[in-house]
Amino acid sequence: MRNLRVSDAEREHVVELLQRAIGHGMLDLDEFSERADTALGARTRGELNSVLVDLPGLRHEDAVPAAGAAGPVWTAGQPDDPWADRPTSGRRVEIKGVGSTLVRRGRWRVPPEILVRNKYGETKLDFSSAEFTSGSVHVELDTKWGSVNLIVPEQASVDLNGIDELKWSTLTDKTDSTRTAGTPRIVVTGRVVGGSMTVRHPRRSWLA
């Protein structure tokens with residue numbers, strides 16, 4: 001089993017596990033960077049598991065997510081909420097995180113410009129029930145070793161042409177909305193390094 005070849009999906013999954021280790025305080029950022037580089041270059045399961053062997057509760061087996069929680073999740077109104085004290089009626093909102101999960105969902109006012117800087121964590125912007133203050137929204141990304149999830153309304157359009165750096169990362173657009181002229185228009189620029197980005201519509205309930 002140790003000599004079995006591994007896929008890109010398995011390598012990315014192990015990087016996600018290492019991100020969880022940061023949230024638990026088991027790794028510092030330098031250790032994470034070194035182990036993530038090893039994981040991304042691994043060819044066999046033995047090489048891949050070597051970066052997890054001394055981390056309790058984290059393991060890789062057939063690409064099944066291991067036990068362990070992600071870093072802290074922030075939503076509006078919680079203590080230390082990184083979205084707090086930022087006037088959404090203003091032109092630009094900047095959000096920063098390190099080893100954290102930044103979440104915006106539910107009914108929230110979307111400013112015309114959002115800058116997201118997040119390292120070693122997850123960013124989730126759910127626009128499905130949001131209140132837009134303009135017909136166009138500019139989302140600038142500066143993320144590294146993490147995931148970005150954008151959930152957009154069915155009638156919206158998304159422009160991903162401004163992403164100028166996608167390195168050691170995957171980009172999945174499940175909306176096919178770049179071919180439409182819907183509103184609001186969400187323009188995404190910036191960079192995603194060592195992670196993944198997904199754009200999708202809200203999941204439909206089977207009761208609908």
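Filter the strands (runs of 3 or more DSSP E) completely within region 117-177 down to those with at least 1 residues that are over 25 Å from S7 (Cβ atoms), open to solvent by less than 40 Å² (accessible area, probe 1.4 Å) and touching a helix residue (DSSP H, G or I) at 6+ places or on another chain (Cβ under 6 Å). Give the derivation first.
Numbers: elements: 122-126, 136-144, 147-151, 157-167, 170-173.
Where strands (runs of 3 or more DSSP E) fall fully within region 117-177 and carry at least 1 residues being over 25 Å from S7 (Cβ atoms), open to solvent by less than 40 Å² (accessible area, probe 1.4 Å) and touching a helix residue (DSSP H, G or I) at 6+ places or on another chain (Cβ under 6 Å), they are 157-167.
Answer yes or no as to whether T198 is farther than 17 Å from R117 by Cβ, among the polar types (S, T, N, Q), part of a strand (DSSP E or B) and touching a residue at least 40 places away in the same chain (Cβ under 8 Å).
Working: farther than 17 Å from R117 by Cβ: yes; among the polar types (S, T, N, Q): yes; part of a strand (DSSP E or B): yes; touching a residue at least 40 places away in the same chain (Cβ under 8 Å): yes.
Criteria met by T198.
How many of the residues making up region 178-195 are part of a strand (DSSP E or B) and within 22 Å of S129 (Cβ to Cβ)? Break it down into steps so the answer makes sense when it comes.
Quick first cut of region 178-195, residues part of a strand (DSSP E or B) only: 185-193.
Remaining after also requiring within 22 Å of S129 (Cβ to Cβ): 185-188.
Residues in region 178-195 being part of a strand (DSSP E or B) and within 22 Å of S129 (Cβ to Cβ): 4 in total.
Being closer than 20 Å to T143 by Cα, open to solvent by less than 50 Å² (accessible area, probe 1.4 Å) and aliphatic (A, V, I, L, M) is the filter here, so list the residues in region 1-52 that pass it.
Residues satisfying the conditions are V14, V15, L17, L18, A21, I22, L27, A36, A39.
The values are calculated or read from the model by the stated rules, or taken from the named source; none is laboratory data. Everything numeric in this text was worked out from a predicted model, so none of it was measured. All Cβ positions, even for glycine, are placed from backbone atoms using ideal geometry, and neighbour counts span all protein chains on display. In case anyone asks, the SASA skips ligands and DNA or RNA and just uses the protein heavy atoms, side chains included. Shrake-Rupley method; radii C 1.70, N 1.55, O 1.52, S 1.80 Å.
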